[in-house]
Each structure stands twice: as C-alpha cells, then as structure tokens.
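What follows is one structure encoded as structure tokens, with my remarks underneath.
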Amino acid sequence: MRITIVATATVTLMTSASLKTSPLHDRHVALGAKMADFGGWEMPIEYPGGGVLKEHAAVREAVGVFDVSHLGKGVVRGEGALDFVNARLTNDLRRIGPGQAQYTMCCDRETGGVIDDLIAYVRSDDEVFLIPNAANTSAVVGLLADDAPAGIEVEDLHTRFAVIAVQGPRSAELVQALGFPTDHDYMSFTRADG
C-alpha cells in the first residue's frame, strides 16, 4: 500500500545559488541524515544505522516514511478547470471523478513530445491539483498558465507544501495511528485535517 500525505508548510529557499530545503529539513539534520542534492533540493538519502538494505527491508516488510517534498505541486482553479486541464493532458480525466487521481502526461503542443509525466488529482470540475516531477514543474505550470483562458488560474505551489510518502504493508496502520483516513480506493484521495 502507498499513501501520500500532502501538508501545508513552508519550504525554505536558501540563496539563489544554494539548494531548496523541505519543511522537514531541520528534523532530518537533527536525526543525522546524510543529505544530498536531489533535483536542486537538499534531501535525506540515508540515516545512521539504516542503509539501503535495511530501508528496503523495512518498506517491503513493514513501513517506510519518505520526505518527497521536492516533487512539484500545482493547482488549476476556476470555472471549467477540469475541462481545460483535460485538453492538455494525454489521459481522459473525465474517466475519473472528484476524489480520484490519474497518472498522465503533459506534452508539448508543437512537437507532441513529453514534457513530463504527472499525477492529476481531480478535486472538482473547477479544481485540479497536479504533482509533476521536480525538475519539470516550471515547464508544466508554465505551459498551463500560458494557455489558460480568462477565469482559469494556474498556481505553482512547488515550495508551499510538504509531501510525505508512507509505503509498505503496514502503512495504513501507521497513517491511522496519526489520525488520518485510509479507507479510500487505489488512486483516490481524501482531504483530512491532522
């Protein structure tokens, strides 16, 4: 099972020449994480006493928690936002409904080449939340913003949210213990306060 939690937080932007950091950066450092550049973000890659094999086993046999705040985040809002976004992605978002997500691709309108693969989360006919890959967030958001008609707002939220991935057979148990719901279907989501 894989559960992703998106939480409002502030991402620290260091100097323009330095790396971005997640809202959990100070906690990672305090726990002794080995930090490294990951797509322009200083992210944890290993913890003391852990290691790749132990982390792999933990996720396969129990649960692992990953800070994936480097992932892009964007939102398209306004009357008809779903139809607008749907016309610019490869998969048909009308095949899913509010509370569901879909893997899709954003393509260059001139060449048809793939700009990025991403997950589109349909919140309503008037709001779609997007998670593209970190390196391509500006390109995806920029393309949508350039094409947006009057009344449609495209906002880059890349540095405004933390994203935590909870993975493994015991992930639901951990997420429930934190007070979040876990009874939704695959590729669906729900809003929760916690």
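The values are calculated or read from the model by the stated rules, or taken from the named source; none is laboratory data. In this text the structure is predicted, and so the values were computed from the model without any measurement. Every residue, glycine as well, gets a Cβ built from its backbone with ideal geometry; the counts of neighbours run over all protein chains shown. Just so you know, the surface numbers come from the protein's heavy atoms only, side chains and all, with ligands and any DNA or RNA stripped out. Shrake-Rupley method; radii C 1.70, N 1.55, O 1.52, S 1.80 Å.
Taking the stretch 82-95 as the search range and keeping residues that are among the hydrophobic types (A, V, I, L, M, F, W, C) and over 19 Å from the mean Cα position of the chain (by Cα), which one is surrounded by the fewest Cβ atoms within 10 Å (Cβ to Cβ)? Filtering the stretch 82-95 for residues that are among the hydrophobic types (A, V, I, L, M, F, W, C) and over 19 Å from the mean Cα position of the chain (by Cα), the one surrounded by the fewest Cβ atoms within 10 Å (Cβ to Cβ) comes out as 87. Looking for something of a type in the set (Phe, Trp, Tyr), closer than 28 Å to residue 183 by Cβ and in contact with a strand residue (DSSP E or B) (Cβ under 8 Å, 6 or more places away or on another chain) - is there at least one such residue anywhere in the stretch 64-83? Yes, there is a match, as at least one residue in the stretch 64-83 is of a type in the set (Phe, Trp, Tyr), closer than 28 Å to residue 183 by Cβ and in contact with a strand residue (DSSP E or B) (Cβ under 8 Å, 6 or more places away or on another chain).
The combined condition, being part of a loop (DSSP other than H, G, I, E, B), over 27 Å from residue 167 (Cα atoms) and at pLDDT 95 or above, is not fulfilled by residue 110. Selection over the stretch 33-53 of residues that are of a type outside the set (A, V, I, L, M) and surrounded by 13 or more Cβ atoms within 10 Å (Cβ to Cβ) gives a count of 8. Strands (runs of 3 or more DSSP E) fully within the stretch 113-175 that include at least 3 residues being at pLDDT 95 or above and surrounded by 19 or more Cβ atoms within 10 Å (Cβ to Cβ): 114-124, 127-132. Restricting 75, 65 to residues that are in a strand (DSSP E or B), closer than 30 Å to residue 36 by Cα and open to solvent by 70 Å² or more (accessible area, probe 1.4 Å) narrows the list to 65. Taking the conditions (1) farther than 29 Å from residue 181 by Cα; (2) free of Cβ contacts under 8 Å to residues at least 40 places away in the same chain; (3) open to solvent by 50 Å² or more (accessible area, probe 1.4 Å); (4) of a type outside the set (Lys, Arg) in turn, residue 98 satisfies each one other than (1). Would you be able to say whether some residue in the stretch 85-98 is among the β-branched types (Val, Ile, Thr) and part of a helix (DSSP H, G or I)? Yes.
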